[in-house]
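Peer 1: Could you have a look at this structure, given as structure tokens, before my questions?
The values are calculated or read from the model by the stated rules, or taken from the named source; none is laboratory data. Given the structure is predicted, the values throughout are model-derived calculations rather than measurements. FYI the Cβ positions are ideal-geometry reconstructions off the backbone, even for glycines, and counts take in every protein chain you see. When the accessible area is computed, the model is the full protein with side chains, heavy atoms only, and any ligands, DNA or RNA have been set aside. Shrake-Rupley method; radii C 1.70, N 1.55, O 1.52, S 1.80 Å.
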There are 2 protein chains.
Amino acid sequence: MKTVKNKDLKSLDQFVDEQYGKKGTKKRDIFEKGYEEFKLGFILQQARLEMGMTQEELAEKVGTNKGYISRIENNIKDIRISTLQRIIEKGFGGHLELAIKI
Amino acid sequence: MKTVKNKDLKSLDQFVDEQYGKKGTKKRDIFEKGYEEFKLGFILQQARLEMGMTQEELAEKVGTNKGYISRIENNIKDIRISTLQRIIEKGFGGHLELAIKI
DNA sequence: TTAAAAGTTGTATTATAAGACAACCTTCAT
DNA sequence: ATGAAGGTTGTCTTATAATACAACTTTTAA
């Protein structure tokens, strides 16, 4: 069992600060922009659009309303993992997959 | 833009029911057992043990208490994605990665 | 250019995660 | 067998996600 020392560990934020500079610098801004596509809201929106669904149709499948979907796609809300699971399973069927399970 | 019909979509639960039978049947039980290792709690616990951390040490890094960590590892709690992110970043440094970002 | 559809935002209510901490089990080394 | 370290569980408080719905803005098709 390999032991890792505390000092070896750094958060993603620390790492990004070191690699791309602090927020506000040009280099960091470029990174942040590219990073957008890893954001959950973006991923879900892309998947929805690829399937030609409206927010309302997705909401219907998932069992919620379009307002909530909109907020998620715009990264306005933190969500529970169970909610993400539900969105992916009910909303996207086999078209998206979540590798973890609560 | 490819269109997918509603009837083509099924939830993971539906899929598993069809493939392995309903809960309680032998075939399904075997599946459920194998499935354990995809559960978040299991994944986090494995990672923690591989790094030779105690729940208390992990809790310290993440900024919470060992009771909370215990519940997560035992899949007793649903958690927010931001919380998962924090656990992975602060608790595991570069040793685990989360592909999505809130 | 305008009407309908799609998407966003404000706000109130309810459900539940997060956080804290103590008491209690379990494991393991001596 | 016993004490200490590690892990689990009960329970309370606080923060916030989920839900709902209406009003509003933006986009799109005719």
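Peer 1: Restricting the first residue to region B:49-73 and requiring it to be within 13 Å of another protein chain (Cβ to nearest Cβ) and within 8 Å of DNA strand C (Cβ to nearest atom), which pairs with a second residue that is in a loop (DSSP other than H, G, I, E, B) and open to solvent by less than 70 Å² (accessible area, probe 1.4 Å) meet a Cβ separation below 9 Å and a spacing of at least six or different chains?
Peer 2: Matching pairs, first to second residue: B:Ile72/B:Ile79.
Peer 1: Mind listing whichever residues of region B:93-102 are facing chain A (nearest Cβ under 8 Å) and out of contact with any helix residue (DSSP H, G or I) (no Cβ under 6 Å at 6 or more places or on another chain)? Quick ask: steps written out before the conclusion?
Peer 2: To start, the set of residues in region B:93-102 that are facing chain A (nearest Cβ under 8 Å) comprises B:93-95, B:99-102.
Within region B:93-102, B:Gly93, B:Gly94, B:His95, B:Ala99 qualify.
Rundown of residues vs (1) on the phi > 0 side of the Ramachandran plot; (2) in contact with a strand residue (DSSP E or B) (Cβ under 8 Å, 6 or more places away or on another chain); (3) among the basic types (Lys, Arg), yes/no style:
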| residue | (1), (2), (3) |
| --- | --- |
| A:Leu40 | no, yes, no |
| A:Val62 | no, no, no |
| A:Gly67 | no, no, no |
| A:Lys77 | no, no, yes |
| A:Thr83 | no, no, no |
| A:Ile87 | no, no, no |
| A:Gly91 | no, no, no |
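Peer 1: Here is a further query. Can B:Glu73 be described as crowded, with 18+ Cβ neighbours inside 10 Å, at pLDDT 75 or above, among the charged types (D, E, K, R) and in contact with a Ser or Thr (Cβ under 8 Å, 6 or more places away or on another chain)?
Peer 2: On the way: crowded, with 18+ Cβ neighbours inside 10 Å: yes; at pLDDT 75 or above: yes; among the charged types (D, E, K, R): yes; in contact with a Ser or Thr (Cβ under 8 Å, 6 or more places away or on another chain): no.
For B:Glu73, the condition - crowded, with 18+ Cβ neighbours inside 10 Å, at pLDDT 75 or above, among the charged types (D, E, K, R) and in contact with a Ser or Thr (Cβ under 8 Å, 6 or more places away or on another chain) - is not met.
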